[in-house]
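Student: Following this message is one structure expressed as structure tokens.
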Amino acid sequence: MNSTTTPLRTCLVIALAATLAGCIQREPVRPGPPEPRPTPVLAQAGLYEITHGVTIEGVGAAQGIFAEGNFFYVLGDLYQNGEGQNGPGIIREFFLSTGDDGRRTLFPSGRTIELTEAGRDIAPHPTGLTWHPNFGYWLGDTVNQRGRLFQIDFKRALSQGNLDGCVLHQVEDDAAINGTRPMFVTLPGGRVALATSDYGEAANAIRLYDPLALLAADRTTTDGVLFSEAPCGPFVQSLAARGNPGELWLVQNQTEGLGYRITEIRLEPDGSIASETVIDFDRPTGELEGLLWMEPDRQGRVPFIMVSAGEQRNAHFGRLVPEQRYVNPVQRQLDR
């Protein structure tokens, strides 16, 4: 009797324990608290609203973002390559996708450009990529406060995955105080300039270079290259533009390496600053590096993407809502 029931009892105990263990393992993981939604900021151009953040992989410390057609390109500094060594600068291609939560995200296409030439890392810390139909693609790099500008064959680089044979022209940005951050901008009246700026706590400036003169120079201090210079605020990581004459945005930190700040700049035909408005965000609080404007939607809202140097939630989506949508209807009538 005992010899028969003991094995049976043991089997039942084991089965019950296994069932309980399975129940424990299948217990759903409780989601953590949602990311606090940043407070929208009303500025001269409208209401800046950050909607959500996502994590993009494979870019190391993201340094900027550029778009062409349906693709988005994140510039990164691979400060670690998996072996504890500093890796090369990189440009990784993405396209817009929808995440599991129904929100937009960036999904890698699989194409990347290592910023190397003949195996040598020539742009380890990329700080800007911009394009103009008359002057091509220009890449900026900043190391130890020294800036270099490269005119590159971007299409070929994307197809082969590196810069071998793709550097068409190179310019030392020795007019800069603290590196280079290129962005093409059109001034009122139609003149095109390659704008750049410094990163530093003091003595920063926006500089406007003549693209034709750049193509014939090897240094930005060459006569005729720099045609306008104006002081600006500190900690400028990159520049952004929407294509409208005279509009430029400084992508900044509120303190060294921390805080999201952008400054709306309006330029005069001669390149001087007509007005500037500083926009500080309460969140996120990391190291903002890049800003990209996208096409307006049917309601006139202008989507944007911000990228940061962090490992998690290093891209944030938002939109600029035209200010007139928030004017009190009674006040609108009184203003007429």
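The values are calculated or read from the model by the stated rules, or taken from the named source; none is laboratory data. The structure presented is a predicted model; accordingly, all values stated were derived computationally and were not measured. Methodologically, a virtual Cβ is constructed for each residue, glycine included, from the backbone with ideal geometry; neighbour enumeration extends over all protein chains shown.
Student: Of the residues PHE150, PHE66, PHE94, which is surrounded by 19 or more Cβ atoms within 10 Å (Cβ to Cβ), more than 30 Å from GLY318 (Cα to Cα) and touching a residue at least 24 places away in the same chain (Cβ under 8 Å)? Before the answer, list the steps.
Tutor: On the way: PHE66 fails: more than 30 Å from GLY318 (Cα to Cα); PHE94 fails: more than 30 Å from GLY318 (Cα to Cα).
Of the residues listed, the single one that is surrounded by 19 or more Cβ atoms within 10 Å (Cβ to Cβ), more than 30 Å from GLY318 (Cα to Cα) and touching a residue at least 24 places away in the same chain (Cβ under 8 Å) is PHE150.
Student: Please pick out the residue among ILE177, ILE206 that is crowded, with 19+ Cβ neighbours inside 10 Å and under 23 Å from ARG266 (Cα atoms). Spell out how you get there, then give the answer.
Tutor: On the way: ILE177 fails: crowded, with 19+ Cβ neighbours inside 10 Å.
Criteria check complete, one pass: ILE206.
Student: Give the residue, chosen from PHE304, PHE235, that is out of contact with any Cys (no Cβ under 9 Å at 6 or more places or on another chain), under 25 Å from ALA175 (Cα atoms), buried (at least 18 other Cβ atoms within 10 Å of the Cβ) and of a type in the set (A, V, I, L, M, F, W, C).
Tutor: PHE235
Student: If you don't mind, there's one more thing I want to ask. Report whether or not ALA230 is under 18 Å from GLY128 (Cβ atoms), in contact (Cβ under 8 Å) with a residue 40 or more places away in the chain, among the small types (Gly, Ala, Ser) and surrounded by 14 or more Cβ atoms within 10 Å (Cβ to Cβ). Full working, then the answer.
Tutor: Details: under 18 Å from GLY128 (Cβ atoms): no; in contact (Cβ under 8 Å) with a residue 40 or more places away in the chain: yes; among the small types (Gly, Ala, Ser): yes; surrounded by 14 or more Cβ atoms within 10 Å (Cβ to Cβ): yes.
Judged against the criteria, ALA230 is not a match.
Student: Another question about this same structure. Within segment 244-289, how many residues turn out to be outside any strand (DSSP E or B) and either among the hydrophobic types (A, V, I, L, M, F, W, C) or on the phi < 0 side of the Ramachandran plot (or both)? If you could, list the steps in order and put the result at the bottom.
Tutor: Going through segment 244-289, the residues outside any strand (DSSP E or B) turn out to be 244-246, 253-254, 256-257, 268-272, 282-286.
Next, only the ones that are either among the hydrophobic types (A, V, I, L, M, F, W, C) or on the phi < 0 side of the Ramachandran plot (or both) stay: 244-245, 253-254, 256, 268-270, 272, 282-286.
Matching residues across segment 244-289 total 14.
Student: Mind listing just one residue for me: the one in segment 97-121 that is among the hydroxyl-bearing types (Ser, Thr, Tyr) and farther than 23 Å from LEU163 by Cβ and, of those, nearest to the chain's Cα centre (by Cα)?
Tutor: By that ranking, first place goes to THR105.
Student: Tell me the residue from THR127, THR142 that is more than 22 Å from ARG242 (Cα to Cα) and crowded, with 16+ Cβ neighbours inside 10 Å, please.
Tutor: Numbers: THR127 fails: more than 22 Å from ARG242 (Cα to Cα).
Just a single option satisfies the conditions, and that option is THR142.
Student: Considering only segment 155-190, state which residues are in contact (Cβ under 8 Å) with a residue 40 or more places away in the chain and in a strand (DSSP E or B).
Tutor: ASN162, VAL167, HIS169, GLN170, VAL171, GLU172, ASP173, MET183, PHE184, VAL185, THR186
Student: Could you please let me know if THR130 is hydroxyl-bearing (Ser, Thr, Tyr), modelled with pLDDT under 95, within 21 Å of the chain's Cα centre (by Cα) and assigned to a strand (DSSP E or B)? Spell out how you get there, then give the answer.
Tutor: Details: hydroxyl-bearing (Ser, Thr, Tyr): yes; modelled with pLDDT under 95: no; within 21 Å of the chain's Cα centre (by Cα): yes; assigned to a strand (DSSP E or B): yes.
No, not satisfied.
Student: Here's a follow-up. Name the single residue that is surrounded by the fewest Cβ atoms within 10 Å (Cβ to Cβ) among those in segment 115-124 being farther than 30 Å from GLN252 by Cβ and in contact (Cβ under 8 Å) with a residue 24 or more places away in the chain.
Tutor: Filtering segment 115-124 for residues farther than 30 Å from GLN252 by Cβ gives 117-120.
Pick out the ones that are also in contact (Cβ under 8 Å) with a residue 24 or more places away in the chain and you get 117-118.
On the way: GLU117: 17, ALA118: 9.
Taking the candidates together, the pick is ALA118.
Student: Then there's this: I need the full set of residues from segment 209-227 which are closer than 14 Å to GLY147 by Cβ, surrounded by fewer than 18 Cβ atoms within 10 Å (Cβ to Cβ) and either of a type in the set (S, T, N, Q) or without any contact (Cβ under 8 Å) to a residue 40 or more places away in the chain (or both), in order please.
Tutor: THR221
Student: Regarding ALA241, is this residue more than 23 Å from THR39 (Cβ to Cβ), at pLDDT 95 or above and within 22 Å of the chain's Cα centre (by Cα)? Spell out how you get there, then give the answer.
Tutor: On the way: more than 23 Å from THR39 (Cβ to Cβ): yes; at pLDDT 95 or above: yes; within 22 Å of the chain's Cα centre (by Cα): yes.
Judged against the criteria, ALA241 is a match.
Student: Can you pull out every residue in segment 227-242 that is in a loop (DSSP other than H, G, I, E, B) and over 14 Å from ASN178 (Cβ atoms)? Give the derivation first.
Tutor: Going through segment 227-242, the residues in a loop (DSSP other than H, G, I, E, B) turn out to be 232-235, 241-242.
Matches in segment 227-242: ALA241, ARG242.
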